[in-house]
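The block underneath contains the structure these notes are about, expressed in structure tokens.
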Amino acid sequence: MKMKPAEICMVLLCLSVLTFGVIGGPQTCPANLESDCNDSGEWKGEFFPEIPKIKYEGPSSKNPLAFKWFNAEEVILGKKMKDWFRFSVAFWHTFRGTGADPFGAPTKSWPWEDGTNSLAMAKRRMRANFEFIDKLGVDLWCFHDRDIAPDGKTLEESNANLDEVVALAKELQGSKVHPLWGTAQLFMHPRYMHGGATSSELGVYAYAAAQVKKAIEVTHYLGGENYVFWGGREGYQSLLNTDMGRELDHMARFLEAAVAYKKKIGFNGTMLIEPKPQEPTKHQYDWDAATSANFLRKYGLIGEFKLNIECNHATLSGHSCHHEVETARLNGILGNIDANTGDPQVGWDTDEFLTDIGEATKVMLSVVKNGGLAPGGFNFDAKLRRESTDVEDLFIAHISGMDTLARGLRNVAKIIEDGSLNELVRERYSSFDSEIGALIEAGKADFEFLEKKAIEWGEPKVPSAKQELAEMIFQSAL
Ligand SMILES: [Mn+2]
């Protein structure tokens with residue numbers, strides 16, 4: 001069969017589109033931009049002409065492009081709502097999410113994408129990011145180095161690409177907007193297949209160190225308030241070929257060196273570890289909050305790091321998000337929350353926007369006890385479903401996530417004002433409010449003393465836990 005030149009062109013276009021799809025690169029060139037389909041420059045026009053600035057309209061509003069519960073300037077429990085949350089847009093999901101999954105090609109073709117992975121496209125995307133942030137009305141954003149700028153052929157070339165995009169980001173940020181946190185992508189490139197800090201290959205360890213060094217520098221330059229380590233490939237697939245002790249030692253040395261460098265360049269941002277139990281590795285070393293806290297204590301890093309708790313990671317580790325946030329809080333290391341949720345019927349990290357008001361209320365119970373998260377915040381590490389393909393869906397998803405957490409905060413205010421849940425918990429432990437309870441809690445009651453008391457008192461009377469009553473009180477606040 002003979003093909004006309006136009007048909008050959010179509011086949012070549014399809015092939016290049018397929019190649020991009022397979023390696024998770026940029027999405028297809030939209031049909032209506034055919035003539036601009038090859039590195040079409042920076043495009044300084046408006047990206048969301050149909051979307052107004054998002055405003056608060058109150059719970060009775062039916063406008064999908066308005067807040068119903070999140071009212072930035074409103075004071076709840078002594079703080080403005082915007083200061084409780086410090087919401088942040090995640091660049092990778094919102095601007096690099098293509099809708100591709102392990103079984104299917106990209107589904108999203110945003111009008112500003114030109115199908116290339118060029119520097120010009122990276123800059124154009126950055127302009128879209130700041131228009132989005134401005135219209136949504138938030139001040140913070142999060143990024144991986146390689147999401148915002150393309151990889152080069154050498155480390156120097158990658159760094160130069162990053163510098164160019166970061167310079168534009170700095171200009172577009174203005175005086176108010178800045179990163180909640182930055183991070184280095186140490187999981188996508190094949191060199192990191194055994195991990196970065198825990199790779200069995202010394203050269204990879206050095207490369208990862210160089211990449212993190214640069215990512216800390218640009219986070220600092222952009223005024224970032226935190227720096228995150230998510231060790232997607234810092235773990236193992238089999239213990240049979242893995243020296244786990246040596247890998248954990250290496251990871252600790254890597255984090256120590258990151259702290260030393262941060263101090264050397266005067267970056268005062270908080271260093272955060274983001275626990276996740278597995279995926280893509282079979283076992284990730286930062287399994288959950290408790291495992292991460294133990295690692296930090298063992299290596300003397302507990303004072304230098306806090307945790308970034310992600311709700312979907314919490315459920316993958318067999319905990320609730322509330323449990324993970326509370327565990328971090330009790331260890332004094334609650335630093336940030338990646339606000340998302342999983343699907344109870346799907347076994348992987350689906351990174352959905354949080355829309356469960358009960359879950360949001362439980363998370364906010366801990367956040368309020370923590371006095372907020374600053375200098376951390378709530379980062380929307382969440383993506384549209386593959387089947388959601390309208391530009392306005394990006395806004396609707398963020399509005400819905402912000403409103404859900406805002407309802408959580410409002411519910412916590414009701415629960416605190418009502419007081420009966422606090423009273424139930426206080427009453428449950430009230431036997432320890434006694435003189436002997438105080439001795440126990442001060443570590444001054446030895447076993448001989450307690451044995452004497454047990455004999456003197458006889459069989460203790462054990463009261464009800466009142467769990468259903470606690471659940472009833474909680475439900476009535478939702
Ligand atoms: Mn995350």
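The values are calculated or read from the model by the stated rules, or taken from the named source; none is laboratory data. Here the structure is a predicted model, which means the values were calculated and not measured. In this analysis, Cβ positions are derived from the backbone assuming ideal geometry, glycine residues included, and neighbour counts consider all displayed protein chains.
Things worth noting here:
- Any hit, the stretch 357-364, residues being modelled with pLDDT of 95 or more, within 16 Å of the ligand (Cβ to nearest atom) and among the charged types (D, E, K, R): no
- Listed by position, the helices (runs of 4 or more DSSP H) inside the stretch 386-456 whose residues that are out of contact with any Pro (no Cβ under 9 Å at 6 or more places or on another chain) and free of Cβ contacts under 8 Å to residues at least 40 places away in the same chain number at least 3 are 420-428, 435-441.
- Subset tally (residues that are crowded, with 21+ Cβ neighbours inside 10 Å and within 16 Å of the ligand (Cβ to nearest atom)) for the stretch 175-199: 7
- Residue within the stretch 113-124 that is in contact with a Ser or Thr (Cβ under 7 Å, 6 or more places away or on another chain), on the phi > 0 side of the Ramachandran plot and in the same structural domain as Met402 (by the TED database) present: yes
- A Cβ distance below 7 Å, combined with a sequence gap of six or more or placement on separate chains, defines the contacts here; from the stretch 193-212, residues that are not assigned by the TED database to the domain that holds Asp145 reach no residue that is surrounded by fewer than 18 Cβ atoms within 10 Å (Cβ to Cβ) and assigned to a helix (DSSP H, G or I).
- Matching option when the condition is surrounded by fewer than 21 Cβ atoms within 10 Å (Cβ to Cβ), more than 15 Å from the ligand (Cβ to nearest atom) and under 20 Å from Asp351 (Cβ atoms), among His250, His322: His322
- For Thr315, the conditions (1) in a loop (DSSP other than H, G, I, E, B); (2) within 16 Å of the ligand (Cβ to nearest atom); (3) of a type outside the set (Lys, Arg) all hold with the exception of (1).
- Selection from the stretch 360-371 of residues that are touching a helix residue (DSSP H, G or I) at 6+ places or on another chain (Cβ under 6 Å) and surrounded by fewer than 24 Cβ atoms within 10 Å (Cβ to Cβ): Lys362, Leu365, Ser366, Val368, Asn370
- Summed over the stretch 223-247, residues that are hydroxyl-bearing (Ser, Thr, Tyr) and within 16 Å of the ligand (Cβ to nearest atom) total 1.
- Which listed residue is away from the ligand (no atom under 16 Å from the Cβ) and either surrounded by fewer than 22 Cβ atoms within 10 Å (Cβ to Cβ) or at pLDDT 95 or above (or both), from Leu202, Leu272, Leu307: Leu202
- The conditions of being surrounded by 12 or more Cβ atoms within 10 Å (Cβ to Cβ), at pLDDT 95 or above and out of contact with any Gly (no Cβ under 7 Å at 6 or more places or on another chain) are met by Ala374.
- Total residues in the stretch 275-304, condition away from the ligand (no atom under 13 Å from the Cβ) and within 15 Å of Val325 (Cα to Cα): 7
- Filter result for Phe267 (in the same structural domain as Gly195 (by the TED database), of a type in the set (A, V, I, L, M, F, W, C), away from the ligand (no atom under 16 Å from the Cβ) and assigned to a loop (DSSP other than H, G, I, E, B)): yes
- Per this entry, Leu172 is not counted among residues that are assigned by the TED database to the domain that holds Thr291, within 16 Å of the ligand (Cβ to nearest atom) and surrounded by 15 or more Cβ atoms within 10 Å (Cβ to Cβ).
- Being surrounded by 10 or more Cβ atoms within 10 Å (Cβ to Cβ), of a type outside the set (A, V, I, L, M, F, W, C), closer than 28 Å to Met364 by Cα and within 42 Å of the chain's Cα centre (by Cα) is a property that Ser430 has.
- For the stretch 326-356, taking the residues that are within 14 Å of the ligand (Cβ to nearest atom) and of a type in the set (Val, Ile, Thr), the one that is nearest to Phe305 (Cα to Cα) is identified as Ile337.
- On inspection, Asn379 fails the criterion of being of a type in the set (S, T, N, Q) and away from the ligand (no atom under 16 Å from the Cβ).
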